[in-house]
Each structure stands twice: as structure tokens, then as C-alpha cells.
Amino acid sequence: MATSTISARDDDAPAPRELPALAGLLRDGWALPGGKVALLGASACLALLALAFRSTLWHFAHVWSTDPNYSHGFLVPLISLYFANMAAKEGPTRQVPGVALGASLLVFALLGRLATIVVPVGFASDLAFLTGLAGILSLFAGRAALYRYGFALTFLVFMVPLPIHLYTTIATPLQLLVSKVAATILNGAGLPVLCEGNHLTLPGGVRMFVAEACSGMRQLTGFLALTTAVAFLTPRPRWYRAVLIGSAIPVALTANVARVVLTGWIMSHDPRLAQGAFHTLEGLLLMGFGLALLRLECAVLNVLVDEEPEPVPAAA
Amino acid sequence: MTMTTKAATEPISPGTMTRRAAIGLAILGGGLAAEAAVDRATRTERPPLGGSLAGVPMVLGDWVGKDEPVDPEIARESQATEYLNRAYSLKGRPGAQLWLWINYSDRGLNLRHSPEICLPSGGWQKAEALTKVVEVDRPGGEAQRVSLLGYEKGDMVQRIGFWYYIFGEGRVERFVRGLPISSRSSHGRTTRGSGLTAEVFYPGDAGLGDAELRDFIGRLLDAIEPVLPEDRAVYHVP
């Protein structure tokens, strides 16, 4: 495995300083012929891209800091950097020129930006920004680098807020589904519940409202990012990874149904225990429940993989 | 083999890199210039209102209005160029009252403050069972779609009639604004025209039903018609 350490030339030399692989790669690249020009040029292009997409970047920061559904947005670029660093550990990529592809991606990104000046579809501008990043990578580092770092770039999709109308189109049916399933389970467990939309009426006339936060959408976005990251990191066959990513939806919904059932059961005994800090604690516990479900799923899948005669190596 | 050695086996000439940098900078520089040009070329007129909102009649059929003061901070946060905040009472029905909030912004910025944002931030939770879209008949014009939204906080219920206008935008913007991926009004990234938002609040304990609310909104629509610029599109999704 390539490292970013400087080889010690004699015994008296100070211990080499470890750099993250990505930083080491950039440092080594700087020393190569043409490296300075490439890095400075790429930096200048990134600065211009940021300038062109300044409203998009501002929007990201605004949504991440104000919308609980996307508070994980700040983490996504850092996780992407982690993936990029992992990819950098494989050493420099082969130089496969990607000028035409990079230029095309940049032009495409800018056209997307221009289009959103005319028509107010911020989502398109957000995706165009990611396309622009891919373009700069391809232009300066080549197609092989784009392929190598493609996952790290693609992972940035999880920081892009969904258009609010699309979000509510998905979240509202999920919210209703969670209410219905939770009511069915509570009724089956012997606790009579009347379900009217997202309103559950418990014994004694206690009313419970299944909020949008309980639709599972909030957890779904987080679980999707998490399962995608795990699928990337795990050296397992493709079908294993696909199942893992696909399970984000049922796992998030199951965790939320469990949350609503638990809340309903608690409210039927003492409504005060289903409010404020207690309710938040329930949310955290059920998030842990969701993670436990994922862990259980991985354990079951691992058993299936171990039975396979020739597991496919990771395609990182 | 160290990474440096690997990298050193595939050097790229500074000339090649300079060409690539030139291409990237040229494209992005051109893009920035195009952005400025498109922005200038498509600059949208932001039509002003045809008159002051204060001119909206105090009496609308059986409804009698009274101006209410607005907290200066709320007025500032609303980003409204001009606003109207009134309580309207129904004649002969003590306690039957609703509150009207209309705001106009020459930049369209007021549209960010929709009930979908303001009420949840105040601890209100949206009640889907109370939320619907209705066609409100106007005594003097075409029917208009209005969102009737319901919010709950504890035992309290707040219902809201909501619709808004954007003035001066073209057909393309109007078409795109109707698509599911559009930013819509309140969470807007951009509003290219000016805008006016109308919200009619009627708490659950005000003793008002949908019929009274439709009557008020219908009369209000007729009353504000002379003030609204001709070049407009009306929306109801918050």
C-alpha cells in the first residue's frame, strides 16, 4: 500500500511525519513536473466554481443549520473526504486524459446554473454544483481519478436538500402509513386505538398526533447515507451491498413504527411521559433500535455470504 | 514502491497542465460572465402594487375590521415592503373573529414566511386531517384555489387560509413553479418577481366554519383586486 511518509535516510533523522493519504498525494503531486500548475489551476477553478454557485453554497449552509432533516449535511463533506482519503491510499491514479469529459461536465454544470437563474429550481443548481466538482477532477486528474474518487463525489448527494414539495410528497404518505401500522399493532396488542389520519385516539380520550418527524423521512435520509457508507466500506458482494442500501427504507419505517407504538403505549399510561425530554429520549432509543436492526441484518447477510463458495472482492 | 516513485513514473508536462488550467478557467470565467449576462438579460420587472394595502376596506360584507399593531421585529422579519394586519369580526356573532395578514414585497422575499415555516417554529404541528385545498367562489370574479391549513398545539387549533401571488414572472417560471421539484413559495431560493401573500387566521375556538371563511375570503379577493398588478400568477401551495 502506498503511504505518504518520507523514507528515513539515516538513523539520526527524525521520525517521518504521517500525513493523511490524500494530503500526502497532493504534497507529492506538488513536487512533480506540472504538479504546481495542476494544483494551482484546480484551486483557481474550484474558487471560480464556488463563486458561480455561491447561492447554492449559501443555501446548503442555511438548510443544514436550520432544517433538522438535513442537519447531517455538515458531516457529509467530511465523510466524503474520508472516502477520498481511502481512495488516495491506493496511490496515484493512471493518467488517462479526461479533458474532454471534464470540460463537458463543467459546461453542463454551468448550463444547469444558468438555467436556474431563469427558472427557480434550486435542486438542479445543487446537482449541477456536484457535476462541476466532477468536471474539475476529470479535467486535472483524468478519467481514472474520476472513477477512483467517483464514490466520494457521489456521496455528496446526501448533503443536497430535497425540494420541499418532493420531500412532503414522500413524507406525507409515509407519515400516514406509520400511523396506520402503529394503530394496527396497538389494537392487536389489546390497546384499543382509533386512527384518523395522523391522529390516534387512545383509551380515555387521550389524543396523539403522529408528527412529520415520525414519518421516518428524517431517519430515512440518515439511514440511506449510513447504509451507503457501510456498503462502500464492507468487502462484500454487490448483492449484499444492494440489499443493505435497500433496507434503509424498511428499517427507518420499522424504527418509527416502534417509536409510535411505544409512545402510544406510554401515553395510555401517563401522557406526561411522552412529552419533552422523554419524547426526545424515546427518539434516541428508537434510533438505536434502527441501528440494531441494521446490525442484525448484517449478521444475517454475513451468514449467507460465508456460505458462498467464491465471494466477490470489494470493488472500491 | 513508494507513492512518490509511482507518481514520478507518470509525470505530466507543465505545458499540458497549463493548457488544462486554461481550459478550466476559460470555461468557468465564461460561465461567470454568462451568469451575469443572463441575470441582466432576464431581469424581471417587479411590479408595484396598484395602491396601498391600507386601502383595503374595513367593512367586507358582514365583516368589520380593525387594524392591529405589529411587533416591529415581526415586521422586520417578514421582509415585507408593505403589510396589513387586521382583525375582522362578524356582525351579530360575538366572538366570531378572524385575523388577516397580507404582506407585499417588491423582492418577493416575504414569501419565505409561509405557515409551513412560521407555525412549526412556534411549536405548532401540522394537522393533515384539517388541511385541504378548496375553491373559493368570488362574488365578482373567477373562483380561486386556497389552501386551508390546520395546526395544533396541545388543545389549541389554528386554521389558516393561505394563497399568494407572484407578479411579473414569465410563463416559463410559472410552469416550472408548478413542477414537483420547484422551490415553491416559502422555501424559495429565488422569486424573480414581486409577491403578495395573504393569510387568514381563524383559531379553532373562534366559532367559525368553512362557510364563513369562504365568504370572507371571497369578499377579500374582490376587495384587493384593484390593488393587484395585472401581470400575476396565483398559487396556493405553501
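Computed values, structure above
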{"read-out": "Fully extended contour minus Cα-Cα distance, from residue A:66 to residue A:40, at 0.36 nm per residue", "value": "5.9 nm"}
{"read-out": "Apportionment of accessible area to carbon and sulfur, the protein assembly as shown, percent (1.4 Å)", "value": "64"}
{"read-out": "Rg(Cα)/(2.2 N^0.38 Å) for the stretch A:21-161, N = residue count", "value": "1.07"}
{"read-out": "Residue-normalised accessible area of chain A, given per residue in Å² at a 1.4 Å probe", "value": "49"}
{"read-out": "Rg/Rg_globular for chain A, with Rg_globular taken as 2.2 N^0.38 Å and Rg from C-alpha atoms", "value": "1.24"}
{"read-out": "Solvent-accessible area of residue B:35 with every protein chain in place, 1.4 Å probe, in Å² to the nearest 10", "value": "10"}
{"read-out": "Chains B and A together, accessible area buried on both sides, 1.4 angstrom probe, square angstrom", "value": "4600"}
{"read-out": "Rounded accessible area of residue B:156 (nearest 10 Å², 1.4 Å probe)", "value": "100"}
{"read-out": "Residue-level accessible surface for residue A:180, protein heavy atoms, 1.4 Å, Å²", "value": "130"}
{"read-out": "Cα-based radius of gyration of chain B once divided by 2.2 N^0.38 Å, which approximates compact folds", "value": "1.41"}
{"read-out": "The stretch B:14-27 - phi-based ³J(HN,Hα) in whole Hz, Karplus 6.51/-1.76/1.60, Gly and Pro as x", "value": "x, x, 5, 5, 4, 5, 5, 4, 5, 4, x, 5, 5, 5"}
{"read-out": "R0 of 22 Å, Cβ-Cβ distance residue A:127-residue B:36: FRET efficiency to nearest 0.05", "value": "0.50"}
{"read-out": "Minimum 30 Å² accessible area buried by the other protein chains, the stretch A:29-50 residues, probe 1.4 Å, relative to alone", "value": "A:32, A:33, A:34, A:37, A:45, A:48"}
{"read-out": "Mean separation of Cα contacts under 8 Å (6+ apart) over length of chain A, as relative contact order %", "value": "14"}
{"read-out": "Over the protein assembly as shown: Kirkwood hydrodynamic radius from C-alpha pairwise inverse distances, Å", "value": "27.3"}
{"read-out": "5 angstrom amide H check on residue B:131, placed H, neighbours 5+ away", "value": "B:150"}
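The values are calculated or read from the model by the stated rules, or taken from the named source; none is laboratory data. Only a predicted model underlies this, so the values are computations on that prediction, with no experimental measurement involved. In this analysis, Cβ positions are derived from the backbone assuming ideal geometry, glycine residues included, and neighbour counts consider all displayed protein chains. Quick note on the areas: whole protein, heavy atoms, side chains included, nothing else; ligands and nucleic acids left out. Shrake-Rupley method; radii C 1.70, N 1.55, O 1.52, S 1.80 Å.
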